[in-house]
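One structure is given here, and the rest of the page talks about it.
The values are calculated or read from the model by the stated rules, or taken from the named source; none is laboratory data. Computed from a predicted structure; not experimentally measured. Here the Cβ positions follow ideal geometry from the backbone for every residue, glycine too, while neighbour counts run over all protein chains shown.
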Amino acid sequence: MDWNLAIDRHRDALLRMVAALLLMAGGGEAMPRHVRTGIWRVLRPAESAFRRLVVVAKAVFRIEAQAHVSRSAPVPAGISAGGARVPAFALFDARKSFKPRAPARGKPRIRFFDDVEIFEPVVVVTPDDVVSAAHLMRRLGALQAALGDVRKQARRLARWEVKREAGRAETGKYIAPIRPGKPPGHRDRGRHPVDFVLSDCHALALYALHDPP
């Protein structure tokens, strides 16, 4: 297998998707709810795909931890972050939570005080509501910046793995960059190009972890 070709091909595909998401976002930190939802549906699996691509790059290029510490990436061109620095891309999958979820509505909307009915207002949510997208834009900017240098992210991952190995020596616990089971953002019947990229990157990462090239 040509690992370099595989990394470049999937990285280029993710860059095209990020560019499309930026066009959807329009450069603002507020947008209609349906636009924000549409971006999240692509951004989450794209982040998962790139995490796995970093795992592959670390194995392929045989990158070891180095002494210097990586800082947050600068704001890339085309991203407006209010003058702030784009946060570093999250290299580890979010852990699954097995805690029971609280009910969506924990209290009734009708109460009685002295035989007077009090109705709590019902908030009607519509797809066209303008909502904040500041967090989404930071995540999108972090992914775009990270895609600019895969080897740099692989070096970051190597340093984090050294720290987590040290933590396992003390606590006996270790968290791998890729969580067990299906990756975050996986959709069984997904038909968007990002779903196929995520599937390919996940398979490549598992292969690189269990049978390093």
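So the values come out like this:
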{"quantity": "Qualifying residue in the stretch 192-209 (condition: at pLDDT 95 or above, of a type in the set (Val, Ile, Thr), touching a helix residue (DSSP H, G or I) at 6+ places or on another chain (Cβ under 7 Å) and surrounded by 12 or more Cβ atoms within 10 Å (Cβ to Cβ))", "calculated": "yes"}
{"quantity": "Per-region count, the stretch 2-20, residues closer than 21 Å to Trp40 by Cβ and polar (S, T, N, Q)", "calculated": "0"}
{"quantity": "Residue ID - nearest to Asp93 (Cα to Cα), chosen from residues in the stretch 173-191 that are exposed (fewer than 10 other Cβ atoms within 10 Å of the Cβ) and among the charged types (D, E, K, R)", "calculated": "Lys173"}
{"quantity": "Residues that are out of contact with any helix residue (DSSP H, G or I) (no Cβ under 8 Å at 6 or more places or on another chain) and more than 12 Å from Val18 (Cβ to Cβ), drawn from the stretch 131-151", "calculated": "Ser132, Ala134, His135, Arg138, Asp149"}
{"quantity": "Among the candidates Arg41, Arg16, residue that is surrounded by fewer than 19 Cβ atoms within 10 Å (Cβ to Cβ), basic (Lys, Arg) and within 22 Å of Pro180 (Cα to Cα)", "calculated": "Arg41"}
{"quantity": "Residue among Pro103, Pro87, Pro108 that alone is under 18 Å from the mean Cα position of the chain (by Cα) and either closer than 12 Å to Leu143 by Cβ or at pLDDT below 90 (or both)", "calculated": "Pro87"}
{"quantity": "The stretch 18-30 residues that are modelled with pLDDT of 90 or more, paired with ones that are part of a strand (DSSP E or B) and not charged (D, E, K, R) (beta carbon under 8 Å, 6 or more apart)", "calculated": "Ala25/Met31; Ala30/Val130; Ala30/Val131; Ala30/Ser132"}
{"quantity": "The stretch 188-213, residues that are in contact (Cβ under 8 Å) with a residue 40 or more places away in the chain, assigned to a loop (DSSP other than H, G, I, E, B) and within 27 Å of Arg16 (Cα to Cα)", "calculated": "Gly190, His192"}
{"quantity": "Residue ID - modelled with the lowest pLDDT, chosen from residues in the stretch 90-100 that are surrounded by 10 or more Cβ atoms within 10 Å (Cβ to Cβ) and hydrophobic (A, V, I, L, M, F, W, C)", "calculated": "Ala94"}
{"quantity": "Selection within the stretch 119-172 - within 14 Å of Leu91 (Cα to Cα), surrounded by fewer than 20 Cβ atoms within 10 Å (Cβ to Cβ) and among the small types (Gly, Ala, Ser)", "calculated": "Ala158"}
{"quantity": "Subset of the stretch 8-54 (residues that are in contact with a strand residue (DSSP E or B) (Cβ under 7 Å, 6 or more places away or on another chain) and in a helix (DSSP H, G or I))", "calculated": "Ala25, Arg33, Arg36"}
{"quantity": "Residues of the stretch 169-187 satisfying the condition of being closer than 20 Å to His10 by Cα and free of Cβ contacts under 8 Å to residues at least 24 places away in the same chain", "calculated": "Lys182"}
{"quantity": "Sole exception among (1) among the charged types (D, E, K, R); (2) over 26 Å from Ile63 (Cβ atoms); (3) in contact with a Gly (Cβ under 8 Å, 6 or more places away or on another chain) for Arg187, by number", "calculated": "(3)"}
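Each row is one residue, and each column tells you yes or no for (1) modelled with pLDDT under 95; (2) part of a helix (DSSP H, G or I); (3) in contact with a Lys or Arg (Cβ under 6 Å, 6 or more places away or on another chain); (4) of a type outside the set (Gly, Ala, Ser).
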| residue | (1), (2), (3), (4) |
| --- | --- |
| Gln153 | no, yes, no, yes |
| Lys163 | yes, yes, no, yes |
| Lys182 | yes, no, no, yes |
| His186 | no, no, no, yes |
